[in-house]
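Here's the structure we're looking at; comments come further down.
The values are calculated or read from the model by the stated rules, or taken from the named source; none is laboratory data. A quick note: this is a predicted structure, and the numbers were derived from the prediction, not measured. Virtual Cβ from ideal backbone geometry, glycine too; neighbours counted across all protein chains shown.
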Amino acid sequence: MRGPAARRSPRVPAGRRDDLARFMEDVIIPFQASKGMVIVASFVAEEEDDLYVWIRRFEDEADRVRLYAAVYEDERWKTEIAPRVGELLDRPRMVITRLNPTPRSVLH
């Protein structure tokens, strides 16, 4: 069975996308990767200045649950990282899409 992926597409307050992209690259992605999370891509939208997109991959649902716990229950996440994330996102407009790769997808 091929592992699922999750695409997160947060919208950001006006003028904050570069701040979010920098925070993702410098803090969030390295932190999540240190917990075993596989982040396969991150993007800024070419024609939407308030959109950032990133994709994570999991071996299976049990792997996703384990990694979410490792990241989101970590004390550093709760006390240091999550409060900053809240300043950089327009949470009501965030879209999270669970994806399953097609047979020829390179994102397995």
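Here are some notes:
- The set of residues in the range 53-76 being in contact (Cβ under 8 Å) with a residue 40 or more places away in the chain, within 15 Å of Ile39 (Cβ to Cβ) and in a helix (DSSP H, G or I) consists of Asp63, Arg64, Val71.
- In the range 15-30, the residues that are crowded, with 17+ Cβ neighbours inside 10 Å and within 12 Å of Arg76 (Cβ to Cβ): Ile28
- Residue list for the range 9-52, restricted to those being in contact with a Ser or Thr (Cβ under 8 Å, 6 or more places away or on another chain) and either closer than 20 Å to Asn100 by Cβ or touching a residue at least 60 places away in the same chain (Cβ under 8 Å) (or both): Ser9
- Per the conditions (1) modelled with pLDDT under 90; (2) loosely packed, with under 13 Cβ neighbours inside 10 Å, the sole criterion not satisfied by Ala69 is (1).
For (1) of a type in the set (Gly, Ala, Ser); (2) under 24 Å from Asp63 (Cα atoms); (3) more than 14 Å from the chain's Cα centre (by Cα), each residue gets a yes or a no:
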position	(1), (2), (3)
Arg7	no, yes, no
Val27	no, yes, no
Val44	no, no, no
Asp50	no, no, yes
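- Residue match in the range 72-82 (condition: under 15 Å from Arg7 (Cβ atoms) and polar (S, T, N, Q)): no
- Between Arg98, Arg93, the distinction of being more than 19 Å from Val38 (Cα to Cα), modelled with pLDDT under 95 and either surrounded by fewer than 15 Cβ atoms within 10 Å (Cβ to Cβ) or of a type in the set (Lys, Arg) (or both) belongs to Arg93 only.
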